[in-house]
Amino acid sequence: MAQGVLVVAEQVGGAFRKIAYEAVSEGRRVADTLGESLTGVVLGSGIEAIAPELGKYGADKVLVGDDPALADYTTDAYANVVCDIVRECDPKVLLLGASMGGKDLSARVAAHLDTGLAMDCVSLRVDGDALIATRPMFGGKVLAEVSVQGTPQIAAIRPNVMEVVEAERAADVEKISVNIGVVKTKLLEKRVETAAKMDLTEADIIVSGGRGMGGPDFSLLEELAEVLGGTVGASRSAVDEGWRPQSDQVGQTGKVVSPSLYIACGISGAIQHLAGMGTSKYIVAINKDPEAPIFKKADYGIVEDLFNVVPALTAQFRKLER
Amino acid sequence: MEIVVLLKQVPDTETLIQIAEDRTSIKTQDVKWVMNPYDEFAVEEALRIKEAQGGKVTILSVGPERAVEAIRTALAMGADEGILIDDPSTEGGDALGTAKVLAQALKETPHNLIVAGQRAVDDDGYQVPAAVAALLGIPQVSMVIKEEVREGKIICERTIEGGTLVVEAELPALFTTQKGINEPRYASLPGIMKAKKKPLAKKNLDDLGLDPSEVGQGGAKCRVMTLSLPSERSPGKIVDGETPEAKAAELVRLLREEAKII
């Protein structure tokens, strides 16, 4: 009979990503509710040394697939290995992070195992034996509560939403042999954009600019983001104007983000933008138009030309830093 | 090159979504239905590959009768034919069920390449294309912003957090399109006229030899129990001050002392 909770913990370049800790922490919570044990899975090459870290967040056991063939993520190799581990361990619940890689990994795994998957979940609960997940739909305009069936019940959790909780224990680390199976994809090249720029989906603070920026010069926002340790985003109009790359777009046709603080500068607040950032913990809106819809969603609003306020804000935060 | 585009008709992103009385679906009256925005990139990319290499572009969709309109739009852009799997039993199914229907239809449709939008903006499931590729046993590359087909392979640039991967996959393969890959064309008036005469086949689960209990509501392994609207954010404070500097200072104070996040 299926038992236990299995969590695939994502690592990049030999370091766990934040979503890995979030997934393991959430896995611990689900395992406790079910009265089951929690097993973490780490896949990669030269990553054995980091495996015990998962114990800090509550993993009872960590399975390590350390193999040169897993050095680079490819969907088919990773999916084949995860499926093998699931067949071997027969867990009740399988959790993954819904990062860009985790999304296609979880979808492929669920299809191979012919079981239920709730994608991009913002909360999980257990009702009897059933895993119930809450996931945004329509870019966050609607929240769906879904029940996941099958064995295992799979949920991919949205980055930056679940709390990281320490639950120290000495995890039992076990090295496993992996067989990547039939693989029809190959990584040719890896390009890191700007090492310093954190992805919007993982950022704790986002400073976004819209049409009110008036042009491609976002240096004021970059300075503010820098002093806050945040990252810069953009509205659809700013991206459509060619002022910012597509990877910066927040909204229903861009990235859905949930930082602790979202500062919207010169963004009017079109419904599809609001859908993409509405789950931010705090929203600040800076816009010279007092009628801009963004003010209805903002915790704090400043009716003022952003070109006057943003530098003043940067200066204020700089003062605090000292 | 035989190219199949997986297409979905969805509510326009400007639509105000309202929840229906059954609390598991949305109200469909007053909804403006459009082709999923990410699928527009998929159709465009398929057409560009066909224009460069020759071949045929087939549009494949699962949906009710109204989805014909989205397929016709793709045909007007230049696709060659359409297939709509229209069967009431598919309603209430999950992503895996939809993928099973599409995969079955694809087994009867020649294909070297399958193209789909990276996600549908209604369910935000990110799941159907990957599941279709898994069921067909073919490779997939997600979130592609550039691709090149050559010598039985496709080389794709895929976006990931903070970077780009260049991935090669053997054909037949599936890839999903991300915004930025191209600028979708508008259907021309002659294109719209021609689209009316292009073949559009309709099939149901029986035609595909599929059992409704496998792929419809009965077979769903991820079921919507309830839909709700996210709690409204209570209207916030307008930060006052004589000068921009004073407003900035007050905001910083509020973020530190009231919100306690800085």
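The values are calculated or read from the model by the stated rules, or taken from the named source; none is laboratory data. Everything numeric here is computed off the predicted structure, so don't read it as measured data. For neighbour counting, all protein chains shown are included, and Cβ atoms are generated from backbone atoms with ideal geometry for every residue, glycine included.
Of the helices (runs of 4 or more DSSP H) that lie entirely inside the range B:1-110, those containing 2 or more residues that are small (Gly, Ala, Ser) and over 28 Å from A:THR115 (Cβ atoms) span B:37-53, B:68-77. Each residue in the range B:112-132 was checked for being facing another protein chain (nearest Cβ under 7 Å) and part of a helix (DSSP H, G or I), and 2 of them qualify. Within the range A:49-69, which residues are under 23 Å from the mean Cα position of the chain (by Cα) and in a helix (DSSP H, G or I)? Scanning the range A:49-69 gives A:ILE50, A:ALA51, A:PRO52, A:GLU53, A:LEU54, A:GLY55, A:LYS56, A:TYR57. Candidates are the residues of the range A:299-311 that are at the interface with another protein chain (Cβ under 8 Å from one of its Cβ atoms) and crowded, with 21+ Cβ neighbours inside 10 Å; the one that is nearest to B:PRO244 (Cα to Cα) is A:VAL309.
Is it true that A:VAL8 is crowded, with 24+ Cβ neighbours inside 10 Å and within 21 Å of A:THR185 (Cβ to Cβ)? So A:VAL8 passes the test.
For the range A:79-93, residues that are surrounded by 19 or more Cβ atoms within 10 Å (Cβ to Cβ) and within 13 Å of chain B (Cβ to nearest Cβ) total 3.
Yes/no matrix, rows are residues, columns are (1) in a loop (DSSP other than H, G, I, E, B); (2) under 25 Å from A:GLY46 (Cβ atoms); (3) at pLDDT 95 or above; (4) assigned by TED's automatic domain parsing to the domain that holds A:LEU221:
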{"site": "A:ILE154", "(1), (2), (3), (4)": "no, no, yes, no"}
{"site": "A:ASN160", "(1), (2), (3), (4)": "yes, no, no, no"}
{"site": "A:GLU163", "(1), (2), (3), (4)": "yes, no, no, no"}
{"site": "A:ALA167", "(1), (2), (3), (4)": "yes, no, no, no"}
{"site": "A:ALA170", "(1), (2), (3), (4)": "yes, yes, no, no"}
{"site": "A:GLY181", "(1), (2), (3), (4)": "yes, yes, yes, no"}
{"site": "A:ARG191", "(1), (2), (3), (4)": "no, yes, no, no"}
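Exactly one residue out of B:GLU157, B:GLU183 is more than 9 Å from chain A (Cβ to nearest Cβ) and surrounded by fewer than 22 Cβ atoms within 10 Å (Cβ to Cβ), and it is B:GLU183. When the range A:250-272 is filtered for residues that are modelled with pLDDT of 95 or more, in a strand (DSSP E or B) and of a type outside the set (Phe, Trp, Tyr), the ones remaining, listed by number, are A:VAL250, A:LEU261, A:ILE263, A:ALA264, A:CYS265.
Per-residue answers, yes or no, for (1) closer than 26 Å to B:VAL132 by Cα; (2) touching a residue at least 60 places away in the same chain (Cβ under 8 Å); (3) at the interface with chain B (Cβ under 8 Å from one of its Cβ atoms):
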site	(1), (2), (3)
A:ARG108	yes, no, yes
A:CYS121	yes, no, no
A:PRO136	yes, yes, yes
A:SER147	yes, no, yes
A:THR151	yes, yes, no
A:ARG158	yes, yes, no
A:GLU163	no, yes, no
A:ASP172	no, yes, no
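Applying the condition of being surrounded by 14 or more Cβ atoms within 10 Å (Cβ to Cβ) and closer than 17 Å to A:THR134 by Cβ to the range B:227-239 and asking which residue is modelled with the lowest pLDDT yields B:PRO230. The single residue among A:ALA107, A:ALA133 that is small (Gly, Ala, Ser), within 27 Å of B:PRO11 (Cα to Cα) and assigned to a strand (DSSP E or B) turns out to be A:ALA133.
Taken as a whole, the structure leaves A:LEU188 outside the set of residues that are within 8 Å of another protein chain (Cβ to nearest Cβ) and in contact with a Phe, Trp or Tyr (Cβ under 7 Å, 6 or more places away or on another chain). Of all positions in the range A:34-48, none carries a residue that is part of a helix (DSSP H, G or I), at pLDDT 95 or above and within 20 Å of A:ALA107 (Cα to Cα). Among the residues of the range A:258-298, those identified as of a type in the set (A, V, I, L, M, F, W, C), more than 10 Å from chain B (Cβ to nearest Cβ) and free of Cβ contacts under 8 Å to residues at least 60 places away in the same chain are A:ALA264, A:CYS265, A:ILE267, A:ALA292, A:ILE294.
Return the total of residues in the range A:65-78 being touching a strand residue (DSSP E or B) at 6+ places or on another chain (Cβ under 6 Å) and surrounded by fewer than 22 Cβ atoms within 10 Å (Cβ to Cβ). Counting residues in the range A:65-78 that are touching a strand residue (DSSP E or B) at 6+ places or on another chain (Cβ under 6 Å) and surrounded by fewer than 22 Cβ atoms within 10 Å (Cβ to Cβ) gives 2.
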